[in-house]
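Report on one structure; see the data block that follows.
The values are calculated or read from the model by the stated rules, or taken from the named source; none is laboratory data. This is a predicted model, so every value here is computed, not measured. So basically every Cβ, Gly included, is an ideal-geometry build from the backbone, and we count neighbours across all protein chains shown.
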């Protein structure tokens, strides 16, 4: 239900939806030891931080696996869900929202496994 409600609030792509709501995008390093984030939205500061290096690595893994989609756009859509549904911290619903918004033929939660598989090849 939250995914449906969030989808109804968006027309256009995730970048337009975020910037039209006053969200600033900031490229930064989001690698903290073994913890690696693609993006993180701070609702109070109206700032979305993303890691270009992490997204490039994900893009390589996606191309290796033959998966369509732009990692940057997928990350934006995922974080957009958190903006539209701040009371829902369910990452699976954020992934579902991103996949449906972007018309992907796979569930974006698969990207974690693809990344791990790519690194261990």
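Only residues that are closer than 20 Å to residue 23 by Cβ and either part of a helix (DSSP H, G or I) or free of Cβ contacts under 8 Å to residues at least 24 places away in the same chain (or both): list them for the range 101-121, please.
Within the range 101-121, 101, 102 meet the criteria.
Give the residue that is nearest to residue 72 (Cα to Cα), with candidates limited to residues of the range 33-46 that are at pLDDT 95 or above and in a strand (DSSP E or B).
The residue in question is 39.
Just checking, how many residues over the range 51-69 are outside any loop (DSSP other than H, G, I, E, B), more than 15 Å from residue 32 (Cα to Cα) and in contact (Cβ under 8 Å) with a residue 24 or more places away in the chain?
7
If only one of 18, 30, 48, 43 is over 18 Å from residue 105 (Cα atoms), crowded, with 20+ Cβ neighbours inside 10 Å and without any contact (Cβ under 8 Å) to a residue 60 or more places away in the chain, which one is it?
Exactly one of 18, 30, 48, 43 is over 18 Å from residue 105 (Cα atoms), crowded, with 20+ Cβ neighbours inside 10 Å and without any contact (Cβ under 8 Å) to a residue 60 or more places away in the chain, namely 48.
Report the residue count in the range 1-15 for those that are free of Cβ contacts under 8 Å to residues at least 60 places away in the same chain and outside any helix (DSSP H, G or I).
3
Might you check whether a residue that is closer than 23 Å to residue 121 by Cβ and in contact with a helix residue (DSSP H, G or I) (Cβ under 8 Å, 6 or more places away or on another chain) occurs anywhere in the range 25-34?
yes
I'd like the residue in the range 72-97 that is out of contact with any strand residue (DSSP E or B) (no Cβ under 9 Å at 6 or more places or on another chain), without any contact (Cβ under 8 Å) to a residue 40 or more places away in the chain and in a helix (DSSP H, G or I) and, out of all such residues, is surrounded by the fewest Cβ atoms within 10 Å (Cβ to Cβ).
92
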